[in-house]
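The values are calculated or read from the model by the stated rules, or taken from the named source; none is laboratory data. Just so it is clear, the model here is predicted, and its values are computed rather than measured. Don't worry about glycine lacking a Cβ; one is built from the backbone with ideal geometry, like all the others, and counts go over all protein chains shown. Please note that ligands, DNA and RNA were not included when accessible areas were found on the heavy atoms of the full protein model with its side chains. Shrake-Rupley method; radii C 1.70, N 1.55, O 1.52, S 1.80 Å.
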Amino acid sequence: MEQLDQTDIMILRILQKDAKKTTKEIAKTLNLTASPIYERIRRLEKQGFIKKYVAILDKKLIDQSITSICQVSLRYHDEGFIEKFEKQILDLKEVQECYHMAGQVDFILKIHTKSLEAYHEFVKTKLSKIENTGVLNSTFVLKEIKQSSEYFI
């Protein structure tokens, strides 16, 4: 993997803040021409530095205002059970993020639902039905202080 130079880093910073910036706008910000900026962006995409472009939605406006963090402990920890759990989590649309952890819990899930009742139904009919699920410990977000998808580079 090639090293990033300062221009690459600046391009990545700009795109993290606003992925809709055009090549021409980025070039103007960096006092360069559009053609080399275009080539750099394509190279950054090809090398995997840029994985995809997304729109970040307002969870309240799409009726997904309840954010919960669920700690999951499995009953058994052999490789097959862990892989099966991971595959089944991928199919749950309510789960926005899933992390396999080291420590007291096995997985941490970030879950969005429209209400506490919807969360309860999700746990009862989907999450707790996954084979080998042991203890579930849920906490609920009262106020979102910071939400970012940007990496500090």
Residue selected from the stretch 87-110 under the condition touching a strand residue (DSSP E or B) at 6+ places or on another chain (Cβ under 7 Å) and not in a strand (DSSP E or B), by the criterion most open to solvent (accessible area, probe 1.4 Å): MET101
Could you list, in sequence order, the residues of the stretch 47-81 that are touching a residue at least 40 places away in the same chain (Cβ under 8 Å) and among the aromatic types (Phe, Trp, Tyr)? PHE49, TYR76, PHE81
Only one of (1) over 19 Å from the mean Cα position of the chain (by Cα); (2) in a loop (DSSP other than H, G, I, E, B) is not met by ILE62, so which one is it? (1)
Only residues that are in contact (Cβ under 8 Å) with a residue 24 or more places away in the chain, exposed (fewer than 12 other Cβ atoms within 10 Å of the Cβ) and assigned to a loop (DSSP other than H, G, I, E, B): list them for the stretch 1-28, please. MET1, GLU2
May I ask you to list the residues in the stretch 1-44 that are among the β-branched types (Val, Ile, Thr) and over 25 Å from SER148 (Cβ atoms)? THR33
I need the full set of residues from the stretch 29-41 which are of a type in the set (A, V, I, L, M, F, W, C), assigned to a helix (DSSP H, G or I) and over 15 Å from LYS52 (Cα atoms), in order please. ALA34, ILE37
Of residues in the stretch 113-135 being in contact with a Ser or Thr (Cβ under 6 Å, 6 or more places away or on another chain) and part of a strand (DSSP E or B), the one most open to solvent (accessible area, probe 1.4 Å): VAL135
Pairing a residue in the stretch 82-111 that is under 19 Å from THR125 (Cβ atoms) with any residue that is open to solvent by less than 60 Å² (accessible area, probe 1.4 Å) and polar (S, T, N, Q), where Cβ atoms lie under 6 Å and the two sit 6 or more apart in sequence or on different chains, gives GLU94/THR113; ILE111/SER68
Give the stretch 40-86 a look and list any residue that's under 30 Å from LEU15 (Cα atoms), out of contact with any helix residue (DSSP H, G or I) (no Cβ under 7 Å at 6 or more places or on another chain), surrounded by 13 or more Cβ atoms within 10 Å (Cβ to Cβ) and of a type outside the set (Asp, Glu), or say none. ARG43, LYS59, GLN64, SER65, THR67, ILE69
Does PHE140 satisfy the criteria of being modelled with pLDDT under 95 and either open to solvent by 70 Å² or more (accessible area, probe 1.4 Å) or under 30 Å from ALA19 (Cα atoms) (or both)? no
